[in-house]
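Novice: Take a look at the following structure, please.
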């Protein structure tokens, strides 16, 4: 076990974890909601430091990040645990497996059995060896393996790699303070356009406000932000809620913030449900554009026209995509539209992919 950061010692051996918006108060011998932060005799420990469940090379578009070094590869890592309880999670085997919810001894044995023991140096070396341009902390919620992520991110920057996270946005401002200097970008995943009732019923999240606080703080700290919005048909496809989210993004993050409307696929405890109709996704994308967002995408529909990037001023096709891959890029070197000269909200440059083994 690795002693955690960002916690307070309270009376009678209790601790308060200040890593995520839940700010769990944890009794001795107990764990937080994430199931991987443990109070041992008045000290808080991470059960998953260096315990990785996945180490993959992904196109950055898979995160999805369409406006951050398009075409680049990111070395993607994950571990166990999550501070949400989404009943439709497509990574539930690592975010909230039943073994992790069992007694502490069972959970520790499970983590040891089904994870790789890895150091930050190992991750950075692997990223460099595979020709990746950056490291992505993803698959399960990276906030819950914060200490390992922070140590790895610091080392990655020293070796010329960038860092990105795919997050539910529940990280506290204090946690972001330490991480932000090493963080290039974040994909923040909304579900049902941030509908509070949906978050309570289907995700076990009592309050959505910490997500908006995280976004405002990330913007202030210069972290590049892309937003996703998973549309669950019937339960999480409210048009008024979508408009509300779009307006908040425009007012607080800017209309140039990339916005991905994501198709839902049945999974986990909602495996009996049905996928989001493409017509619904297209309708919601149109509404997001009407509200004023300049870069709106439809995700999980490979080959759809709304996967590509168009100039918001003249409509010129800038980056044509199919799934996670770039088919053609038509951008000037200074990231402007070659037709009308408008500045495009992309950081880095378009990378020509090479096959990585």
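Novice: Do we have any residue at all in the range 335-347 that's in contact with a helix residue (DSSP H, G or I) (Cβ under 7 Å, 6 or more places away or on another chain), part of a loop (DSSP other than H, G, I, E, B), surrounded by fewer than 18 Cβ atoms within 10 Å (Cβ to Cβ) and touching a residue at least 12 places away in the same chain (Cβ under 8 Å)?
Specialist: Taking every residue of the range 335-347 in turn, none turns out to be in contact with a helix residue (DSSP H, G or I) (Cβ under 7 Å, 6 or more places away or on another chain), part of a loop (DSSP other than H, G, I, E, B), surrounded by fewer than 18 Cβ atoms within 10 Å (Cβ to Cβ) and touching a residue at least 12 places away in the same chain (Cβ under 8 Å).
Novice: If you scan the range 27-45, which residues turn out to be touching a residue at least 24 places away in the same chain (Cβ under 8 Å), out of contact with any helix residue (DSSP H, G or I) (no Cβ under 6 Å at 6 or more places or on another chain) and part of a loop (DSSP other than H, G, I, E, B)? Lay out the reasoning, then the answer.
Specialist: First, pick out the residues of the range 27-45 that are touching a residue at least 24 places away in the same chain (Cβ under 8 Å): 29, 31-45.
Filter again for out of contact with any helix residue (DSSP H, G or I) (no Cβ under 6 Å at 6 or more places or on another chain), leaving 29, 31-33, 35, 37-41, 43-45.
29, 32, 33, 35, 41, listed by residue number.
Novice: Of the residues 287, 262, only one is closer than 26 Å to residue 183 by Cβ and not in a loop (DSSP other than H, G, I, E, B); which?
Specialist: Checking each option against the conditions leaves just 262.
Novice: Identify the residue in the range 162-174 that is surrounded by fewer than 22 Cβ atoms within 10 Å (Cβ to Cβ) and in contact with a strand residue (DSSP E or B) (Cβ under 8 Å, 6 or more places away or on another chain) and, among all such residues, is nearest to residue 230 (Cα to Cα).
Specialist: By that ranking, first place goes to 167.
Novice: Filter the range 46-99 down to residues that are under 15 Å from the mean Cα position of the chain (by Cα) and assigned to a strand (DSSP E or B) and give me whichever is surrounded by the fewest Cβ atoms within 10 Å (Cβ to Cβ).
Specialist: Of everything passing the filter in the range 46-99, 58 is surrounded by the fewest Cβ atoms within 10 Å (Cβ to Cβ).
Novice: Would you confirm, using the coordinates I've provided, whether residue 74 is in contact with a strand residue (DSSP E or B) (Cβ under 9 Å, 6 or more places away or on another chain), closer than 30 Å to residue 261 by Cβ and not assigned by TED's automatic domain parsing to the domain that holds residue 235? Don't jump to the end; show me each part of the working.
Specialist: On the way: in contact with a strand residue (DSSP E or B) (Cβ under 9 Å, 6 or more places away or on another chain): yes; closer than 30 Å to residue 261 by Cβ: yes; not assigned by TED's automatic domain parsing to the domain that holds residue 235: no.
Criteria not met by residue 74.
Novice: Follow-up. From the list 12, 18, 39, pick out the single residue that is at pLDDT 95 or above, surrounded by fewer than 21 Cβ atoms within 10 Å (Cβ to Cβ) and more than 30 Å from residue 229 (Cβ to Cβ).
Specialist: 12
Matching residues to (1) surrounded by fewer than 20 Cβ atoms within 10 Å (Cβ to Cβ); (2) at positive phi; (3) in contact (Cβ under 8 Å) with a residue 40 or more places away in the chain:
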position: 222; (1), (2), (3): yes, yes, yes
position: 236; (1), (2), (3): no, no, yes
position: 239; (1), (2), (3): yes, no, yes
position: 252; (1), (2), (3): yes, no, yes
position: 274; (1), (2), (3): yes, no, yes
position: 281; (1), (2), (3): no, no, yes
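Novice: Further, regarding this structure: Name the residues in the range 160-176 that are touching a helix residue (DSSP H, G or I) at 6+ places or on another chain (Cβ under 8 Å) and in a helix (DSSP H, G or I), would you?
Specialist: Passing the criteria: 173, 175, 176.
Novice: Does the range 300-315 hold any residues that are crowded, with 16+ Cβ neighbours inside 10 Å, within 19 Å of residue 345 (Cα to Cα) and out of contact with any helix residue (DSSP H, G or I) (no Cβ under 6 Å at 6 or more places or on another chain), and which are they?
Specialist: Of everything in the range 300-315, those that are crowded, with 16+ Cβ neighbours inside 10 Å, within 19 Å of residue 345 (Cα to Cα) and out of contact with any helix residue (DSSP H, G or I) (no Cβ under 6 Å at 6 or more places or on another chain) turn out to be 307, 308, 309, 310, 311, 312.
Novice: Quick one: in the range 100-130, of everything that is crowded, with 16+ Cβ neighbours inside 10 Å and touching a helix residue (DSSP H, G or I) at 6+ places or on another chain (Cβ under 8 Å), which residue is nearest to residue 22 (Cα to Cα)?
Specialist: Of everything passing the filter in the range 100-130, 100 is nearest to residue 22 (Cα to Cα).
Novice: Tally up the residues in the range 177-198 that are closer than 23 Å to residue 24 by Cβ and assigned to a loop (DSSP other than H, G, I, E, B), please.
Specialist: Total meeting the criteria: 0.
Results for (1) within 27 Å of residue 132 (Cβ to Cβ); (2) in contact (Cβ under 8 Å) with a residue 60 or more places away in the chain, shown as yes or no for each residue.
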site	(1), (2)
153	yes, no
158	yes, no
164	yes, yes
173	no, no
179	yes, no
187	yes, yes
199	no, no
207	no, yes
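The values are calculated or read from the model by the stated rules, or taken from the named source; none is laboratory data. Keep in mind that what you see is a predicted model, and the values were worked out from it rather than measured. Glycine gets a Cβ as well: all are built from the backbone with ideal geometry, and neighbour counts include every protein chain shown.
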